[in-house]
Every structure is written in C-alpha cells, then in structure tokens.
Amino acid sequence: QVQLVESGGGLVQAGGSLRLSCAASGNIVSVNAMGWYRQAPGKQRELVATISNGGSTNYADSVKGRFTISRDNAKNTVYLQMNSLKPEDTAVYYCNANGILGPLMTPFRSWGQGTQVTVSS
C-alpha cells in the first residue's frame with residue numbers, strides 16, 4: 001500500500017506564496033507521474049500540474065507562470081511552489097502519484113488526504 005502525505009497548506013494574502021510538499025511511502029519499486037489537483041467548494045476536482053519521472057511538466061493554463069512543480073526522485077517527493085496567489089486559487093489541494101508497488105510489481109495510483117489553501121483578498 002502507498003501513502004501520500006501532504007504538507008504546506010495554509011492561509012495567505014493575495015500576491016503571497018506557499019510551497020506544498022507530498023511524500024510517497026510504502027513498498028514502492030518506482031514512481032512514474034506525480035501531480036497536484038485541486039477542488040474548490042462546489043466545483044469538480046481539476047488538474048493543477050503534473051511531472052513525469054523524467055522531469056517533463058504540464059500545467060493548467062490558470063497557473064502557468066505562477067506555479068512550479070518539481071520532484072525529488074530519491075525521496076519520492078513532489079513539490080508545488082505557488083507564487084502570486086489569487087483568491088481563485090483557494091481550494092483543497094490533492095497530491096497524486098502512480099507507479100509500481102513491490103513485491104508483486106503491482107501498479108498503483110494513490111491520492112493524498114488533501115491540504116487546504118486559502119487566499120484572502
């Protein structure tokens with residue numbers, strides 16, 4: 001079983017910054033793509049950014065130029081640096097990862113528990 005533990009959420013004023021972290025643990029053989037999604041009240045969960053194990057990134061148009069996703073493969077950890085935050089970025093942010101779990105080489109896709117990000121105007 002794989003656990004994803006997120007940290008770094010909180011309350012910040014518009015224009016401020018936050019950095020989210022998500023560490024994957026368990027009997028992991030390899031982690032492929034990792035990413036961040038968010039869900040605002042009354043809205044569907046949406047993709048924020050993803051990063052492959054090779055470092056290729058993909059961003060939602062709404063966060064391009066403001067957010068940066070990165071990862072530390074040795075630690076199975078993904079980060080999301082969020083700058084120039086806006087009130088519309090307020091949401092619960094979820095970490096996601098997929099890969100291979102040992103010892104039976106089973107594919108996995110897991111979600112974190114979510115961390116609240118609130119941006120005040």
Give me the percent of the accessible area of the chain that comes from carbon and sulfur atoms, probe 1.4 Å, all protein chains in place. 48 percent
Provide the per-residue ³J(HN,Hα) series for region 79-94, in order, calculated from phi with Karplus coefficients 6.51, -1.76, 1.60 and θ = phi - 60°, each as a whole number of Hz, with x at glycine and proline positions. 10, 9, 8, 10, 10, 6, 5, 10, x, 6, 7, 4, 4, 8, 9, 10
Once phi is turned into ³J(HN,Hα) by the Karplus curve 6.51 cos²θ - 1.76 cosθ + 1.60 with θ = phi - 60°, what whole-Hz value does each residue of region 57-63 show in order, with x for glycine and proline? 10, 9, 10, 5, 4, 5, 10
May I ask you to order 43-54, 67-78 by the average number of other C-beta atoms within 10 Å around their residues, highest value first? 67-78, 43-54
Where region 42-93 is the region considered: accessible area per residue in Å², 1.4 Å probe: 54 Å²
Arrange the peptides 101-109, 83-91 so that the one whose residues have, on average, the most other Cβ atoms within 10 Å appears first. 83-91, 101-109
Amide H partners (placed H, <5 Å) of residue 108, local residues excluded: 99, 100, 101
Rounded, prolate or oblate (a/c below 1.5 giving rounded, otherwise prolate when a/b exceeds b/c) for region 24-92 by Cα gyration tensor: prolate
How large is ³J(HN,Hα), in whole Hz, for each residue of region 31-46 in order, when computed from phi with the Karplus curve 6.51 cos²θ - 1.76 cosθ + 1.60 and θ = phi - 60°, using x for Gly and Pro? 10, 8, 7, 10, x, 10, 10, 9, 9, 8, x, x, 10, 7, 5, 10
Looking at the chain as a GNM with Cα springs under 10 Å, which of 30, 56, 17 has the largest mean-square fluctuation? 56
Between residue 48 and residues 5 or more places away or on another chain, which pairs have amide H atoms under 5 Å apart, with H built 1.01 Å from N, and which residues are they? 36, 37, 38
What's the local net charge at residue 24, with K and R +1, D and E -1, over the other residues with C-beta under 13 Å away? +1
Rounded Å value of the spacing that divides the Cα centres of region 68-90 and region 13-37: 7 Å
Non-local amide H neighbours of residue 85 (under 5 Å, H modeled in plane, Pro and chain starts lacking H): which ones? 15, 16
Relative contact order for the chain: what percent, with Cα pairs under 8 Å and sequence separation of 6 or more? 36 percent
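The values are calculated or read from the model by the stated rules, or taken from the named source; none is laboratory data. Computed from a prediction, not measured in an experiment: that's the story for all the values here. Every residue, glycine as well, gets a Cβ built from its backbone with ideal geometry; the counts of neighbours run over all protein chains shown. Remember, those area values only see protein heavy atoms, side chains included, never the ligands or the DNA or RNA. Shrake-Rupley method; radii C 1.70, N 1.55, O 1.52, S 1.80 Å.
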